[in-house]
Amino acid sequence: AEMSRPECIARISALSRLNDITFDDSGQPPRDSRTIDRLADITHRCAPHRLGIAGHVGAGGSRAQQQRTSLALARGVADALIARGVPADRLEVAGLGATRPLVPGDTPGDRSRNRRVEFRLLE
């Protein structure tokens, strides 16, 4: 059943805060991800709204590398959603590099926390 816009926003925001999608060295999420499965279901039920997917990384490397890596993370999630039947034209992908850290990023644990993908409902 279709969900209202406020319900879509609430559910997508809650999934985004989980920050539990892991990525392999190539920036791809696992094939089996409950979070991506839930996100695909919500996205289907929130038609015709579009979903923004933003990749973030921790500090380290050049800005260009941070941009490429963060974009790869977001694209990996988008590809996983497309594989679950979400139309590509309902997804907007962005790589934000290390511009919006959650924590300072001085330790490997902090850099790991900053490496994430966030979602938001658009339009």
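Identify, please: which residue in the range 47-85 is in contact with a Ser or Thr (Cβ under 9 Å, 6 or more places away or on another chain), touching a residue at least 60 places away in the same chain (Cβ under 8 Å) and crowded, with 19+ Cβ neighbours inside 10 Å and is, among those, nearest to Gly109 (Cα to Cα)?
Out of the qualifying residues, it is His56.
Given Ile42, Ile12, which one is surrounded by 14 or more Cβ atoms within 10 Å (Cβ to Cβ), of a type in the set (A, V, I, L, M) and in contact (Cβ under 8 Å) with a residue 60 or more places away in the chain?
Numbers: Ile42 fails: in contact (Cβ under 8 Å) with a residue 60 or more places away in the chain.
Being surrounded by 14 or more Cβ atoms within 10 Å (Cβ to Cβ), of a type in the set (A, V, I, L, M) and in contact (Cβ under 8 Å) with a residue 60 or more places away in the chain holds for just one of Ile42, Ile12, which is Ile12.
Is it the case, given these coordinates, that Glu2 is part of a loop (DSSP other than H, G, I, E, B) and among the charged types (D, E, K, R)?
Working: part of a loop (DSSP other than H, G, I, E, B): yes; among the charged types (D, E, K, R): yes.
Spelling it out, Glu2 is indeed part of a loop (DSSP other than H, G, I, E, B) and among the charged types (D, E, K, R).
Please go through the range 14-69 and give me each residue that is within 17 Å of Leu81 (Cβ to Cβ) and of a type in the set (Asp, Glu), ordered by number.
Asp20, Asp32, Asp37, Asp41
Would you check if Ser33 is without any contact (Cβ under 8 Å) to a residue 24 or more places away in the chain and of a type in the set (S, T, N, Q)? Working first, answer last.
Working: without any contact (Cβ under 8 Å) to a residue 24 or more places away in the chain: no; of a type in the set (S, T, N, Q): yes.
No; evaluated as a whole, the condition is false for this residue.
Quick one: in the range 24-46, of everything that is of a type in the set (Asp, Glu) and under 30 Å from Asp106 (Cβ atoms), which residue is farthest from the chain's Cα centre (by Cα)? Even if it seems obvious, please write down each step before you answer.
Initial filter on the range 24-46 (of a type in the set (Asp, Glu)): 24-25, 32, 37, 41.
Still in the running and under 30 Å from Asp106 (Cβ atoms): 24-25.
On the way: Asp24: 14, Asp25: 16 Å.
So, considering only residues that are of a type in the set (Asp, Glu) and under 30 Å from Asp106 (Cβ atoms), the one farthest from the chain's Cα centre (by Cα) is Asp25.
Looking at the range 11-51, which of its residues are in contact with a Lys or Arg (Cβ under 8 Å, 6 or more places away or on another chain) and not in a helix (DSSP H, G or I)?
If the condition is that a residue be in contact with a Lys or Arg (Cβ under 8 Å, 6 or more places away or on another chain) and not in a helix (DSSP H, G or I), then Asn19, Ile21, Phe23, Gly27, Cys46, Ala47, Pro48, His49, Arg50, Leu51 are the ones that fit.
Just checking, which of Ala78, Ala94, Ala98 is touching a strand residue (DSSP E or B) at 6+ places or on another chain (Cβ under 8 Å), part of a loop (DSSP other than H, G, I, E, B) and at pLDDT 90 or above?
Ala98
Could you tell me which of the residues Gly105, Gly97 is on the phi > 0 side of the Ramachandran plot and either hydrophobic (A, V, I, L, M, F, W, C) or in contact with a Ser or Thr (Cβ under 7 Å, 6 or more places away or on another chain) (or both)?
Matching residue, one of Gly105, Gly97: Gly97.
The values are calculated or read from the model by the stated rules, or taken from the named source; none is laboratory data. Quick caveat: nothing in here was measured; it's all calculated off a predicted structure. Reconstructed Cβ throughout: ideal geometry from the backbone, glycine too, with neighbour counts over all protein chains shown.
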